[in-house]
Amino acid sequence: MLTKWQTLENVMNITIPQHPAPHGLSSSEKAALVTRIKILLEQHNATLVAHYYTDPDLQALADETGGCVADSLEMARFGAMSSAQRIVVAGVRFMGETAKILSPDKTVLMPTLEATCSLDLGCPIDAFEAFCDEHSDRTVVVYANTSAAVKARADWVVTSSIALDVVEHLSDQGEKILWAPDRYLGAYVQQQTGADMLLWDGACVVHEEFKARGIADLLKVYPDAVVLVHPESPESVVAMADVVGSTSQLIKAAVEIDAETFIVATDRGIFYKMQQQAPDKRFLEAPTAGSGATCKSCAHCPWMAMNSLEQVEHALLMQDQEILVPVELAAKALVPLQRMLNFKA
Ligand code: 13P
Ligand code: SF4
């Protein structure tokens, strides 16, 4: 059977990028680069917003400069609330687009415009529109990891932080749901809420690789470990979790739960914040492959990995990695996005 990587690469003709070679800056070169970026951020009235999966250097810089390191929901909120005229989004394309849709008068720059997401790639607007048209009796709920065009076709946008609450609310009102694109998150929400949900067949190439068997083996070595799982993971992995949640919910659990060891099934970029906020605890990567398997993501998103300090400097200097969303499309996509931001559980 083809893996999702192979499906995307062979059938959809999408090339999954290799992880970039680690940049070989000496510590003094890195310090000088960070100083230059801090000056540029001030000169350009810019703020840096970084996702938890990005390089620790970027997360540290965002923290030090009054920017924000967050999950995709809080990144969206922060960009919209910030008084800065320029937002530099270190993450993947849908995060930059969301920032632009919420702040059309601001300039949104990204370290690279190439950084995308397998969920976004796996949900092209034409096929998605046809799917919605076939099931026009359903309320369309899409995950934030989608293009502006897909959001514009939706009734609601959600992130993993808020998906359960929104779907439960809709289900309580008797609404049937069309969910896209992540089938694992969709199945988890369906199982938790009992909602009537029709699922698009998409997956995250990073989370899809976590293996329940590997976690079970690790638990034999660390029987007291707490298992933290992002709901983009397969059902068998979610079934092993002590806590299932978005990136920020997993960090909160790591801080609050009184345990020494945690097995974490999400992108390893999150270890920077977990270790910072719970320095005395041990965090282990959930295994992504058994022996002999080929692991392409190895618990690190290849698109998140494209973001680097050098590219932040480049983006600020050249102002050429700008996210633009056509005005009419942005106005349509804003409606379901704003619904999410206004939603109170
Ligand atoms: P969060 O909304 O939990 O930050 O997740 C975003 C994402 O891309 C997970 O793979
Ligand atoms: Fe997309 Fe997965 Fe990367 Fe998140 S980790 S941005 S869902 S490919």
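Figures for the structure shown
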read-out: Meets criteria (surrounded by fewer than 23 Cβ atoms within 10 Å (Cβ to Cβ), among the small types (Gly, Ala, Ser) and away from ligand 2 (no atom under 15 Å from the Cβ)) for Ala239; value: yes
read-out: Given (1) at pLDDT 95 or above; (2) surrounded by 19 or more Cβ atoms within 10 Å (Cβ to Cβ), index of the condition Lys211 fails; value: (1)
read-out: One residue from Gly91, Gly79 being in contact with a strand residue (DSSP E or B) (Cβ under 7 Å, 6 or more places away or on another chain) and within 12 Å of ligand 1 (Cβ to nearest atom); value: Gly91
read-out: Of residues in the range 187-208 being open to solvent by less than 20 Å² (accessible area, probe 1.4 Å) and out of contact with any strand residue (DSSP E or B) (no Cβ under 9 Å at 6 or more places or on another chain), the one nearest to Met240 (Cα to Cα); value: Val206
read-out: Residues being modelled with pLDDT of 95 or more and open to solvent by 20 Å² or more (accessible area, probe 1.4 Å) - total across the range 161-186; value: 12
read-out: Those residues of the range 324-334 which are touching a residue at least 24 places away in the same chain (Cβ under 8 Å) and either within 18 Å of Val142 (Cα to Cα) or open to solvent by less than 70 Å² (accessible area, probe 1.4 Å) (or both), in sequence order; value: Val325, Leu329, Ala330, Lys332, Ala333, Leu334
read-out: The lone exception for Asp55 - which of (1) in contact with a strand residue (DSSP E or B) (Cβ under 7 Å, 6 or more places away or on another chain); (2) more than 13 Å from ligand 1 (Cβ to nearest atom) it fails; value: (1)
read-out: Residue check, Ser147 open to solvent by 10 Å² or more (accessible area, probe 1.4 Å), among the hydroxyl-bearing types (Ser, Thr, Tyr), under 15 Å from the mean Cα position of the chain (by Cα) and within 16 Å of ligand 1 (Cβ to nearest atom); value: yes
read-out: Some residue of the range 39-51 being more than 16 Å from ligand 2 (Cβ to nearest atom) and closer than 19 Å to Ile270 by Cβ; value: yes
read-out: Enumeration of residues in the range 246-271 that are within 13 Å of ligand 1 (Cβ to nearest atom), more than 13 Å from His207 (Cβ to Cβ) and either part of a loop (DSSP other than H, G, I, E, B) or out of contact with any helix residue (DSSP H, G or I) (no Cβ under 7 Å at 6 or more places or on another chain) (or both); value: Gln249, Lys252, Ala253
read-out: Those residues of the range 166-217 which are over 20 Å from Ala239 (Cα atoms) and part of a helix (DSSP H, G or I), in sequence order; value: Val166, Val167, Glu168, His169, Leu170, Ser171, Asp172
read-out: Candidates Glu208, Glu235 - the one that is under 21 Å from the mean Cα position of the chain (by Cα) and within 19 Å of Cys301 (Cα to Cα); value: Glu208
read-out: Residue pairs meeting the criteria (Cβ under 9 Å; at least 6 apart or on separate chains; first over 21 Å from Ala265 (Cβ atoms), in the range 193-210; second near ligand 2 (Cβ under 9 Å from one of its atoms)); value: Trp200/Asp182
read-out: Qualifying position, being open to solvent by 30 Å² or more (accessible area, probe 1.4 Å), hydroxyl-bearing (Ser, Thr, Tyr) and at pLDDT below 95, among Thr288, Thr294; value: Thr294
read-out: Scan of the range 97-112 for residues that are polar (S, T, N, Q) and within 17 Å of Glu313 (Cβ to Cβ), ordered by number; value: Thr107, Thr112
read-out: Unique residue being out of contact with any Ser or Thr (no Cβ under 6 Å at 6 or more places or on another chain) and part of a loop (DSSP other than H, G, I, E, B) when the list is Glu97, Glu129, Glu114; value: Glu114
read-out: Only listed residue being surrounded by 21 or more Cβ atoms within 10 Å (Cβ to Cβ), away from ligand 2 (no atom under 16 Å from the Cβ) and in contact (Cβ under 8 Å) with a residue 24 or more places away in the chain, chosen from Gly79, Gly91; value: Gly79
read-out: From the options Leu109, Leu119, residue that is open to solvent by less than 10 Å² (accessible area, probe 1.4 Å), under 22 Å from Ile162 (Cβ atoms) and under 18 Å from the mean Cα position of the chain (by Cα); value: Leu119
read-out: Residues located in the range 180-214, provided they are within 11 Å of ligand 2 (Cβ to nearest atom) and within 18 Å of Cys132 (Cα to Cα); value: Pro181, Asp182, Gly202
read-out: Matching residues in the range 242-263 - criterion: being open to solvent by 20 Å² or more (accessible area, probe 1.4 Å) and in contact with a Ser or Thr (Cβ under 8 Å, 6 or more places away or on another chain); value: Ser248, Gln249
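The values are calculated or read from the model by the stated rules, or taken from the named source; none is laboratory data. Only a predicted model underlies this, so the values are computations on that prediction, with no experimental measurement involved. No Cβ is skipped: glycine too gets one built from the backbone with ideal geometry, and neighbour counts run over all protein chains shown. Surface areas here come from the heavy atoms of the whole protein model, side chains and all, with no ligands, DNA or RNA. Shrake-Rupley method; radii C 1.70, N 1.55, O 1.52, S 1.80 Å.
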